[in-house]
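Visitor: Quick one: the structure is below, and I'll ask about it shortly.
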Amino acid sequence: MIPFELAEPRSLKEAISLLDNADETVRPIAGGTALMLMMKAGVFQPTRLIALRHVARADAIKFGGDGSLQLGALATLGGLERTKGLRDAFPVIAQTLRTLSNVRVRNVATIGGNLAHADPHMDLPPVLAALGAQVTVAGPKGERTVAVENLFAGYYETVLARNELIAKVTVPPLGGKRAAYVKVTTRSADDWPALGVAVALDAQGRNVRSADVFVSAATEKPIRLKAAEAVLRGAEANEANLKRAGEAAAGEVETMADARGSASYKKELVRVFVARAVRKALGLGDAQGRAA
């Protein structure tokens, strides 16, 4: 690696002041689990890194009085995984974290970094999008709120300016909704997925009032499957309707090929696993995510 400057601000305001909107070689670094690999591979050569680890009060994890989950951007995935009450309040997040990479990475990687990195293979972004989570973005002109659904602009791209940082993430209370995340891996359960599907359903028994359905890994960013949602809305989650939802999802999504599968293979996965995610959310079984 080439030499670079390392700054260690003590406040969010100071960190933002050290960023340069015109210089792409100046980057913030939190857990560094992805950025350090990029630097070692020579993909990214920084002139200055803004280390965020000493920013005060940026790693808090707490539940709001309304049941919402409020996450400081520097809270680690491992810290979230171990948060008391998470499994009861947001079981889908707790279950997703169990196979999100490995425990060593989860103990270092941060919530904000996980979102800002915008790797489409990440497990948490589609889950947070389906749950209606929002990020608070801080910059020189103050703060703005962006839905996680709208945070990603493309492959490894977000709507963040270079002199903006994610300050916190807020997940609204789950209420009576039921949510699930399934992923398809060709190797171990914690491997990068070939497909991830997250759903959040407002349902009574098998009758779905409304559905939020997101797909990732097979696409360049997490995307909402509007056609599948339309099929599920107001319908009974029977085999015929679940098949229709899978067909609608496969018909609307543009999949991408990578080392984990061809575009046509991933489209077929979408067709099958949208139904499986709905079944899992409703407790109907058949949600295995390992590929043969």
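Visitor: Restricting to segment 156-187, name every residue that is without any contact (Cβ under 8 Å) to a residue 60 or more places away in the chain and not basic (Lys, Arg).
Guide: TYR156, THR158, VAL159, LEU160, GLY176
Visitor: Go through segment 62-86 and count every residue that is within 22 Å of ARG104 (Cβ to Cβ) and basic (Lys, Arg).
Guide: 1
Visitor: Hey, any hits in segment 260-271 for a residue that's more than 27 Å from ALA147 (Cα to Cα), among the hydroxyl-bearing types (Ser, Thr, Tyr) and in contact (Cβ under 8 Å) with a residue 12 or more places away in the chain?
Guide: Yes, segment 260-271 contains at least one residue that is more than 27 Å from ALA147 (Cα to Cα), among the hydroxyl-bearing types (Ser, Thr, Tyr) and in contact (Cβ under 8 Å) with a residue 12 or more places away in the chain.
Visitor: Of the conditions (1) more than 19 Å from ILE29 (Cα to Cα); (2) hydrophobic (A, V, I, L, M, F, W, C); (3) surrounded by fewer than 18 Cβ atoms within 10 Å (Cβ to Cβ), ALA161 fails just one. Which one is it?
Guide: (1)
Visitor: Against the condition assigned to a helix (DSSP H, G or I), assigned by TED's automatic domain parsing to the domain that holds ASN150, at pLDDT below 95 and of a type in the set (A, V, I, L, M), how does VAL105 come out, does it pass? Reasoning before the result, please.
Guide: On the way: assigned to a helix (DSSP H, G or I): yes; assigned by TED's automatic domain parsing to the domain that holds ASN150: yes; at pLDDT below 95: yes; of a type in the set (A, V, I, L, M): yes.
Yes.
Visitor: Could you check, for segment 77-91, whether at least one of its residues is touching a Gly at 6+ places or on another chain (Cβ under 8 Å), in a loop (DSSP other than H, G, I, E, B) and under 21 Å from THR33 (Cβ atoms)?
Guide: no
Visitor: Which residue is farthest from LEU160 (Cα to Cα), if the candidates are limited to segment 120-133 and must be in contact with a helix residue (DSSP H, G or I) (Cβ under 9 Å, 6 or more places away or on another chain) and either small (Gly, Ala, Ser) or surrounded by fewer than 19 Cβ atoms within 10 Å (Cβ to Cβ) (or both)?
Guide: This residue is ALA130.
The values are calculated or read from the model by the stated rules, or taken from the named source; none is laboratory data. All values derive from a computational prediction rather than experimental measurement. Cβ sites come from the backbone with ideal geometry, for glycine too, and all protein chains shown count toward neighbours.
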